[in-house]
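Report on the following structure.
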Amino acid sequence: MTAQRTAIVTGSTSGIGLAIARRLGAAGFNLVLNSYTDAAEDHALAESLAAEFGVEALYVSADMSRGDAARQLVATAAEKFGAFHVLVNNAGIQHVAPIESFPVEQWDRIIAINLTSAFHTTAAALPIMRKAGFGRIVNIASAHGLRASINKSAYVAAKHGIVGLSKTTALETAGQGITCNAVCPGFVLTPLVETQIQDLMAEKNLDRETVVADHVLRKQPSKEFATVDQIAGTVAFLCSDDAAQITGTTISVDGGWTAQ
Ligand code: NAD
């Protein structure tokens, strides 16, 4: 990977996105960090990563539930850095409820943030990547992009959708120096999963250990969480020259979940 390439990571103030940004920063990429807030700590995070890795880093507030904001994020990155080379569509949320009582606004929000935002950023990014003759698009899907679970209709639909979007993007960019793939993590201990653990503890009146073993990691044969660094390392590999012929596929990091 050449120094002074630039990477955009959506939803990168926390969890998996932050670990990906840190890993790409360590590999010499300039960074465009993103979330929907615009707090001093968001900009301070960009400054601290820039100092730590000796790269340029910019925080851009953009709400991925809005298509115009998603496209503007890409435009802002291109304006600031002239071009960019990596787009990681990572921003995502979760809501758990049976279909018949699933709140419509939560359905719309999950589809918008977890799926439609990647359509908008990809559409805005492709002309810039084609001009550069190089691009790596990595979509953070999920084991739920390949398998279903009860009460996660919107999330499963969005994640299956982003796997399909990744394949179509790969076909439309094949032979142009651009690849697009989806990474499918199993359970990773981040704020998104911690909320589910806390909700299950309350709902089932169980201690944390039991909830993690019997409910959260039930489908993950390793019985271990994947780590944010393992996801980040997989993304960094997909961004490397070694991965130039890997496109339109999924890479699972799920402790064996989808082998079942
Ligand atoms: P997280 O809650 O720790 O981080 C989500 C990030 O997205 C945060 O930076 C948050 O600020 C940002 N975000 C949320 N709404 C946004 C919006 N409207 N606009 C812009 N940014 C927004 O979650 P995480 O676990 O790190 O999840 C990251 C991605 O990985 C998601 O797409 C999630 O579905 C996926 N994933 C997570 C797991 C897991 O077990 N944690 C497993 C499979 C896939």
Inset, instruction - List the residues whose amide H sits under 5 Å from the amide H of THR179, counting only those 5 or more places along or on another chain, with H placed 1.01 Å from N in the peptide plane. - result: GLY135, ARG136, ILE137
Legend entry - Estimated inter-spin distance, ALA123 and ALA51, nm [label 7 Å along Cα→Cβ]: 4.0
Legend entry - Computed label-point distance, nm, for sites VAL104 and ILE246 using a 7 Å Cα→Cβ extension: 4.2
Inset, instruction - Once you've got the GNM for the chain with C-alpha springs shorter than 10 Å, pick whichever of MET64, MET201, MET129 has the biggest mean-square fluctuation. - result: MET201
Inset, instruction - Report the percentage of all Cα-Cα pairs in the chain whose separation exceeds 33 Å, rounded to a whole percent. - result: 16
Inset, instruction - Kindly express, to the nearest 10 degrees and within the range 0 to 90, the angle between helix 153-173's C-alpha long axis and the longest C-alpha principal axis of the chain. - result: 30
Inset, instruction - Convert each backbone phi in segment 20-37 into a coupling constant with the Karplus relation 6.51 cos²θ - 1.76 cosθ + 1.60 (shift: θ = phi - 60°), then list the ³J(HN,Hα) values in order as whole Hz, x for Gly and Pro. - result: 5, 4, 4, 5, 5, x, 5, 7, x, 6, 5, 10, 10, 8, 8, 7, 8, 8
Inset, instruction - Report ³J(HN,Hα) in whole Hz for each residue of segment 190-207, in order, from the Karplus equation J = 6.51 cos²θ - 1.76 cosθ + 1.60 where θ = phi - 60°; Gly and Pro get x. - result: 10, x, 4, 7, 4, 4, 5, 5, 4, 5, 5, 4, 5, 5, 9, 6, 10, 7
Inset, instruction - Give me the angle, in degrees from 0 to 90, between the Cα long axis of helix 67-81 and the longest principal axis of the Cα atoms of the chain, rounded to the nearest 10. - result: 40
Legend entry - Proxy reagent accessibility, fewest Cβ within 10 Å first, across HIS85, HIS160, HIS120: HIS160, HIS120, HIS85
Inset, instruction - Report the calculated FRET efficiency for LEU189 and SER149 (r = Cβ-Cβ distance, R0 = 22 Å), to the nearest 0.05. - result: 0.80
Inset, instruction - Go from 0 up to the bin containing the longest alpha carbon distance in segment 189-238, width 10 Å each, and give me the % of pairs per bin. - result: 24, 46, 23, 7, 0
Inset, instruction - In whole Hz, with x marking every Gly and Pro, tabulate ³J(HN,Hα) for segment 226-231 from phi via Karplus 6.51 cos²θ - 1.76 cosθ + 1.60, θ = phi - 60°. - result: 6, 9, 4, 5, 5, 5
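Given 10 °C and 1.306 mPa s, how large is the Stokes-Einstein diffusion coefficient of segment 1-155 in µm²/s, with Rh as the Kirkwood radius over Cα pairs? Before the final figure, lay out the partial values.
Numbers: Rh = 15.9 Å.
In µm²/s, the coefficient is 100.
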Legend entry - Nearest-0.05 FRET efficiency for LYS80 and LYS131, computed from C-beta distance (R0 22 Å): 0.85
Legend entry - Under-5 Å amide H pairs with ILE251, H placed in peptide plane, nonlocal only: ALA182, VAL183, CYS184
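Values quoted throughout were computed directly from the atomic coordinates according to the rules given, and no laboratory measurement underlies them. Quick caveat: nothing in here was measured; it's all calculated off a predicted structure. Ideal geometry is used to build each Cβ from the backbone, glycine not excepted, and the neighbour counts take in all protein chains shown.
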